[in-house]
1. In this structure, does N133 turn out to be open to solvent by 50 Å² or more (accessible area, probe 1.4 Å) and either under 17 Å from the mean Cα position of the chain (by Cα) or modelled with pLDDT under 95 (or both)?
2. When you look at V150, is it in a helix (DSSP H, G or I), in contact (Cβ under 8 Å) with a residue 12 or more places away in the chain and surrounded by 15 or more Cβ atoms within 10 Å (Cβ to Cβ), yes or no?
3. Only one of (1) open to solvent by 50 Å² or more (accessible area, probe 1.4 Å); (2) more than 27 Å from Q185 (Cβ to Cβ) is not met by Q158, so which one is it?
4. Checking the conditions here, which among Q142, Q158, Q190, Q185 is among the polar types (S, T, N, Q) and within 16 Å of the chain's Cα centre (by Cα)?
5. Here's a check for you: in region 104-130, which residue that is touching a helix residue (DSSP H, G or I) at 6+ places or on another chain (Cβ under 7 Å) and not aliphatic (A, V, I, L, M) is surrounded by the fewest Cβ atoms within 10 Å (Cβ to Cβ)?
6. Can you name every one of the helices (runs of 4 or more DSSP H) wholly within region 217-325 that holds 2 or more residues which are farther than 30 Å from I202 by Cβ and open to solvent by less than 40 Å² (accessible area, probe 1.4 Å)?
7. So is I84 in contact with a Pro (Cβ under 8 Å, 6 or more places away or on another chain) and either of a type outside the set (F, W, Y) or at pLDDT 95 or above (or both) or not?
8. Using beta carbons and a limit of 7 Å, which pairs, at least six apart or on different chains, have the first residue in region 76-103 and surrounded by 24 or more Cβ atoms within 10 Å (Cβ to Cβ) and the second one not in a helix (DSSP H, G or I)?
Amino acid sequence: MTPSITDSAVKAAIAAVASESASADEKIQMLIEIAQGFQKKPKTAQDLRNAVSLYYRAYEMCGEEYPLLKARAQVGMAGTLQAIPDVSTQLLVQAKVGYEEALPILQQLASPEELAEAQMNFGLVLQSLVPYNLARITDSIQAYHEALRVFTWQDYPQEYAILYNNIAIAYLSMPLASEREYLRQGLAVQSFETALKHINLIDHPREYAMLQNNLGNALQYLVSSHPVENNLRAIAAYDEALKVRNSKDTPLEYANTISNKANALFNLPDDPEKPEAGNPKNLLQARAYYQQALEIFTNYQQIEQAEIVAKALQDVEAEINTDKL
């Protein structure tokens, strides 16, 4: 059996460390760089586990002499643990501890950008642990806001957009009493709108589409005394996203947005001024979107999304048939 590139590279890294020609810090940096290569372009979950092993070897070699390299190894290890498919809470907790130990060192010794990237990823780990009661969502939001001190829209539009998107999603997941539900949803909508003041269709199409799609979702499920108005705003946001997303270039993102738009159309009267007249036209449009989305999700073997859309398609068919009676 031919050894994989990963196995060969791991052996090469370990051999380099054993070489007497390199200094201790050079050896550590070699390990970190090779681990980063596996982390950025993994072909299998084993590639990620090998990256963790290399980061850990680098971490052990640092001792107390190389605090910045030690922090970089910890951050690399934490980021890789996050990326392992079907990651367990145990690995996420391990990643959280790694960031907590590394961040104070990065604050003292690293560049602002390196620190901000670690804070951004730390926020993600915390957000992932919230459903298991192993972290607080407020700490996640705080980590994102700290990263925003560096990742401004002028200099880092992609990171800026992702951070505001994450902040909005964090607000939506906040456990608040039902009477305060509108508050967290309002904060989420506000976060998307803040980002969209600076992220535009021409310069940042991918981020623009992501924010508009997720703004549409937040508006659609907003607790409000103006559901029709919110659904109209949601559809306008989805239409903005669809200026970027299409079935050819971004099929899965496109399918996601048209199924979201179909959800809004399902609940929207054809004439908002005459809601009592029903919505036969919107139901037919929703059905067409669901059918298209189902085909794409099925073709790309996105089983879970396909099942959700298939159920929505059944519901819209039932509604259309009821209207015909």
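1. Answer is yes for this residue.
2. Judged against the criteria, V150 is not a match.
3. With (1) open to solvent by 50 Å² or more (accessible area, probe 1.4 Å); (2) more than 27 Å from Q185 (Cβ to Cβ) applied to Q158, the lone miss is (2).
4. Q158
5. Restricting to residues being touching a helix residue (DSSP H, G or I) at 6+ places or on another chain (Cβ under 7 Å) and not aliphatic (A, V, I, L, M), the top hit is Q107.
6. Here the list reads 280-299, 303-324.
7. no
8. Final answer for the pair search is L81/V87.
The values are calculated or read from the model by the stated rules, or taken from the named source; none is laboratory data. Predicted model, so just to flag it, every value in this text is computed and none were measured. Glycine gets a Cβ as well: all are built from the backbone with ideal geometry, and neighbour counts include every protein chain shown. Remember, those area values only see protein heavy atoms, side chains included, never the ligands or the DNA or RNA. Shrake-Rupley method; radii C 1.70, N 1.55, O 1.52, S 1.80 Å.
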